[in-house]
Amino acid sequence: MTDLSHIRNFCIIAHVDHGKTTLSDRILELTRTVEMRDMKEQLLDSMDLERERGITIKSHPVSMVYRARNGEDYLFNLIDTPGHVDFSYEVSRSLAACEGAMLLIDAAQGIEAQTVANAHLATEQGLEIVPVINKVDLPSADVPAIMVQLEDVLAIPADEAVLTSGKTGIGIEDLLEAAVARVPSPRWADVEGLRVLIFDCIYDAYKGVICYVRVFSGSVKMGDQIMTMGDERKMQVKEVGRFSPAMTKQDSLNPGDVGYIVTNLRDVADLKLGDTITHSANPTKEMLPGYKEVSPMVFSGIYPIDTSDYNKLKSSMGKLRLNDAAFVYQSENSVALGFGFRCGFLGLLHMEIIQERIRREYDLDVISTYPSVVYLVTKTDGEKLEVHNPVHLPDPSVIEFIEEPMILASIHIPSTSIGDVLALVSEKRGVCEHTETIDGQRVMLVCNLPLNEILIDFNDRLKSITHGYGSMDYEMNGYQKAKLCRLDIMVNAEPVDAFSSIVHLDKAEGRGRALCKRLKEILPKQMFKIAIQAGIGSNIVARETISAYRKDVTAKCYGGDISRKRKLLEKQKEGKKRMKNIGSVSIPQDAFIKILKTSDGGSN
Amino acid sequence: MNKAGESAVDPVLSVYCHVPFCASTCDFCAFYQEKPRRGDLDRYLAAMDTEFALLPKDRVVDTVFWGGGTPGLLAAKDLERLGRSLLDNLKQPPSEWTIEMAPSAVKEDKLAVLRDLGVTRISMGVQSFHPELLESLGRLHRPNQIYTAWERVQAAGFPQTNLDLMFAIPNQSIEQWEADIREAARLGPTHLSTYCLTFEEDTALYVKLSQGKVSIDEERELQFYERGWELLAELGYAQYEVSNFAKPDAACLHNVNTWRMQEWIGCGPSAASQYEGQRYQRPSNLDEWAKGMEAGLPPRTECVDLDASILLADALVFGLRMNAGCDLDLIAKQFPAPDVLAQLEPLLSRLAREGLAEREGSKIRLTHEGRLVCDAIGSSILETIAD
């Protein structure tokens, strides 16, 4: 057991791509936590997807021993956190496990939206912030300018900054010394009773549910009967240990320790991140602060392309959920797409990651419907509904009003693109609440926007307007009434449920027209002419007609050809079976994919 | 096959005879054929004797069709042997007897033999009167051979004659197509067949297609179809099937019988049959077929057992290719599968509603627009019939 004064718990926070994980790699090398021969890039990112996209999805704690310049050994617990806004609750729980945060800023890019958001999160958690200017070896590095930004935007004294390069290893030792000197030793250790924070959990096929924890007070060991204080779930401790970086069994976990607890639970959904673990027999009085339930913000239907893959998809979703309690799903049936699932995600990135993992890890071809947010509908009879599938929106005549979720976005952009970005914000029904100058070249806009409007292409367009220099972070900002309606797409007067969407009344016509036009381009001509319409209720706002094709005939057909010809026609019939028949029109699967993949959802 | 009904619905019986020899292989042809060698010819003729001997003795064979290959390639004495052998096994001579000939193989002695046998119809594969187009199809004959052959056929005095023409050949202009039709009509056969060039697998043209040397242009093909149909009507050849046009009472009964889902027995390698409730084919290999015949075990491949619902569906699918269309009451009587017609009713009435078909009482026929998409209609019919 290490003396509390020689334990430092900290995390590294940064905007995406500012070099967080590479820096962690250097720290592991310097503390000889990982032998050089075992070292590989992005060591802490164990998923292929994480390595490939250079993002961190799950938290990765690691314990290491550092011999400081004063000759004493310190136990460092470093928690690598997901950086993306979708996982901000997870980030905040990881931060809550620490006393200090290394705030990493790219020496060339400067302060970005997530730098600010993460710095605020860390301050909220009462963490000591150590500013780190990273990538100082880059030719385009401008350290003095970053120092000015630090003081102006984050009100952090510039002389506190440590200069590093994760690539060359410059300043890594200074950084570790700063951790010794500036990160406080573990707090709240003298509270009576066991208080353990769950900041992540995973499912292991052999061991069951494993909690990633930070012990604040008390001590926990194998065989203990423990419970969560949030929902009083009781469980037994099967094993405890540390990450070094692989899971290493210990006799006990004590105040200040970061490690894991293997429980007898079988489902990660039984545990809530941020909950406090205590002993069942003599619980502590007060939970650790900051715990809340997270609920999915973005919903989308996921359907197997080959309908016979339904059960495979179901089981792969079950497996994904084992490790990701924030991902929810329930079965759903679409006329157009058959049997599939309605899935809820924390945000867009979370959605993309789940879809990608289904494709990649479970080798399934899936099609996803337009993402939707959760609308609050108040009916004329006073009943309130939550609607996250356009199909479930009640008839307009019984709706008193609809409210949609809003976000408060902080958008960091070069000053030169402010006009274009403001135009984008207003096109997306947003309002800019205030602007703030970061330095001579950059400004920050704080905007109130409907979440629905940023689902599809907002980020891409922001990047393209700002030539890649814009960044955005957001937090939820309550609900707001809006004139919304369901836009249906009909093929020969029959609605195609997969194409329905909830849109703002002012945008319905334009979007309807664009979707009809796109469908006309995509749908193959058929034997009969096809009418494509977009409508709100019974009101048609756009229409297109696909004329019938004029030739489909084989010239030669005699006695000897009949068997062959019949086989050919049978084959065509089989091909049509794989299509979805809507309004007596056979719609090929790839038409759905093309339409649903139209990045802007058909709007211009 | 249902034989319980009235005698009026007893199927008509035809015989098809495949002569698998060609002097060379045309670029568009996917039919089974071999280069003629004396040994093979003798073996073929002997095995055909065996196969003809299997023909039913109690049924009247209404029509006979010799196709290939190039039946006309056989020497006069071989034609005579094959013809006599067939006639020896028939209850009575057929009312229609067609033989396919390539222009380059039309000789007076052969025509005389065929005339004596009782052949009623000569079908000649002209394809085009334009030398460059003939060459691009890999045909052996030159335009002047067509004229010589035609004079000989006319002189021999067959009651019915047909010329095959081909269109939408790579580099063929619509004017060339019109000129071919006019020239064929000027010669005055009783029947014309026109075929859109198709790219069958295992043909030289298909290879060119997959190499990107030629391409399929649906719009262009449509133009050729429509212009051809229009011009043929003007010239007095009435269309009675997608690819077939005839002067009054000169339709090829043999083919009509097959489209009406009657019965036919195919003799020779690769020949297909529809007989006594089964569809089957002889092996597409001279040796394999001949061995089976020699051993007294006629080999059947690609067997499909037929029932009334298959035949009813096919009577519609193939019947609708004909301008006369189908009489639903009649085919329901011939192929009693009551559910099938009921299932098809919504589709048939939609076809009529959308202008692709016309209905009059129990009769249904495709319109011009419908005929141009008859493949799609055929697969919709099959699609509609529940498995």
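The helix-based estimate of mean residue ellipticity at 222 nm for chain B, built from -39,500 (n - 2.57) per DSSP H run of four or more residues and divided by its residue count, is -13000 deg cm²/dmol to the nearest 500. Cα centroid separation, the stretch B:86-148 to the stretch A:248-321: 83 Å.
Is there a pair in B:91/B:333; A:529/A:556; A:483/A:520; A:525/A:551; A:221/A:249; A:525/A:594 whose C-alpha atoms are over 19 Å apart, and which pairs would that be?
Numbers: B:91/B:333 28 Å; A:529/A:556 27 Å; A:483/A:520 28 Å; A:525/A:551 11 Å; A:221/A:249 10 Å; A:525/A:594 16 Å.
Correct reply: B:91/B:333; A:529/A:556; A:483/A:520.
Using the rule -39500 (n - 2.57) for each DSSP H run of four or more residues, divided by the residues of chain A, the 222 nm mean residue ellipticity is -7500 deg cm²/dmol. Taking other residues whose beta carbon is less than 10 angstrom from the beta carbon of residue B:322, and scoring Lys, Arg as +1 and Asp, Glu as -1, yields +3. Size descriptor for the stretch B:326-386, Kirkwood hydrodynamic radius: 11.8 Å (Cα pairs only, one decimal).
When you filter the trypsin sites (Lys or Arg not before Pro) in the stretch A:240-317 for DSSP loop state and at most 11 other Cβ atoms inside 10 Å of their Cβ, you are left with A:266, A:285. With only Cα atoms counted, the protein assembly as shown has Rg and Dmax values of 40.4, 122 Å.
Cross-link partners for residue A:319 among the lysines, with Cα-Cα distance under 25 Å and sequence neighbours closer than 8 places in the same chain left out: A:58, A:207, A:234, A:238, A:272, A:292.
Here residue A:571 is the anchor, and the aspartates and glutamates within straight C-alpha reach of less than 13 Å, apart from those fewer than 8 places off in the same chain, are B:375, B:383. Cα centroid separation, the stretch A:402-450 to the stretch A:329-345: 34 Å.
Find the relative contact order for the stretch B:13-258 and round it to a whole percent, using C-alpha pairs within less than 8 Å whose residues are 6+ positions apart. Mind dumping the intermediate values first?
Values: 400 pairs, mean separation 45.1, N = 246.
Taking the mean separation of contacting Cα pairs over the length of the stretch B:13-258, I get 18 percent.
Expressed per residue, the C-alpha convex hull volume of the stretch B:13-258 stands at 121 Å³.
Across the stretch A:367-447, Cα-Cα distances exceeding 14 Å account for 70% of all pairs. Using R0 = 56 Å, the C-beta based FRET efficiency linking residue B:231 and residue A:310 works out to 0.50.
Can you list the trypsin sites (Lys or Arg not before Pro) in the stretch B:172-215 that are in a DSSP coil and have 15 or fewer other beta carbons within 10 angstrom? Present the calculation step by step, with values, prior to reporting the outcome.
Working: sites: B:182, B:186, B:208, B:213; in loops: B:213.
In loop regions of the stretch B:172-215 (DSSP not H, G, I, E or B), the sparsely surrounded trypsin sites (Lys or Arg not before Pro) are B:213.
Can you give the log10 of the normalised intensity I(q)/I(0) at q = 0.10, 0.21, 0.22 Å⁻¹, computed with Debye over equal Cα scatterers of the stretch B:241-367? Debye curve over Cα of the stretch B:241-367, log10 I(q)/I(0) at q = 0.10, 0.21, 0.22 Å⁻¹: -0.42, -1.17, -1.23.
Of all beta bridges that DSSP places with both ends in the stretch B:161-276, some 55 percent have antiparallel geometry.
Shape summary: the stretch A:461-604 maps onto an equivalent ellipsoid whose semi-axes, from the alpha-carbon gyration tensor, are 40, 19, 13 Å in decreasing order.
When the chymotrypsin sites (Phe, Trp or Tyr not before Pro) in the stretch A:204-251 are filtered for DSSP coil states and for at most 13 other beta-carbon atoms within 10 Å of their beta-carbon, the remaining sites are A:206.
In the stretch B:13-258, the DSSP beta bridges split such that about 20 percent are antiparallel, to the nearest 5. Taking 0.36 nm per residue of separation and subtracting the Cα-Cα distance, full extension of the segment from residue A:330 to residue A:590 would add 91.2 nm.
Under a Cβ-Cβ cut-off of 14 Å, what is the net charge of the residues other than residue B:253 that fall near it, where Lys and Arg count +1 and Asp and Glu count -1?
Values: positive: B:121, B:260; negative: B:62, B:96, B:241, B:249, B:263.
That works out to -3.
When you restrict to C-alpha pairs under 8 Å that are six or more residues apart and normalise by the size of the stretch B:326-386, the relative contact order lands at 35 percent. Largest first, the extents of the alpha carbon coordinates of the stretch A:57-185 on the three principal axes equal 36, 36, 25 Å.
Placing a label point 7 Å from the Cα of residue B:91 along the Cα-to-Cβ direction, none of the residues of the stretch B:267-293 has a backbone N under 14 Å of that point.
Fully extended, how many nm does the chain gain between residue A:459 and residue A:32 (0.36 nm per residue separation, minus their Cα-Cα distance)? Could you put the intermediate results ahead of the total?
Details: separation 427, 0.36 × 427 = 153.72 nm, distance 3.99 nm.
Full-extension gain reported as 149.7 nm.
Between residue A:284 and A:194, A:279, the built amide H atoms are under 5 Å apart, and every one of these is 5 or more places off in sequence or on another chain. Each of residue A:160 and residue A:294 was given a label point 7 Å from its Cα along the Cα-to-Cβ line. The distance between the two points is 2.7 nm. Modelled this way, with points 7 Å down the Cα-to-C-beta line, the labels at residue B:324 and residue B:154 are 3.0 nm from one another.
Figure the gain on full extension for residue A:427 and residue A:362 (residue separation times 0.36 nm, minus the Cα-Cα span) and round it to one decimal in nm. Intermediate results must be reported in sequence, preceding the final value.
Numbers: separation 65, 0.36 × 65 = 23.40 nm, distance 3.87 nm.
Here the answer is 19.5 nm.
The label-point distance for residue B:349 and residue B:247, in a model that sets each label 7 Å from Cα toward Cβ, rounds to 4.5 nm. With K and R counted +1 and D and E -1, the other residues having a Cβ less than 14 Å from that of residue A:392 yield a net charge of -2.
The aspartates and glutamates within cross-link reach of residue A:285, meaning a Cα-to-Cα straight distance under 17 Å and a gap of 8 or more places when in the same chain, are A:190, A:192, A:231, A:232, A:275.
Throughout, read-outs are computed from the coordinates displayed, never taken from laboratory work. Just so it is clear, the structure is predicted and the values come from calculations on it, not from any experiment. Cβ coordinates were reconstructed from backbone atoms using ideal geometry, including for glycine residues, and neighbour counts include every protein chain displayed.
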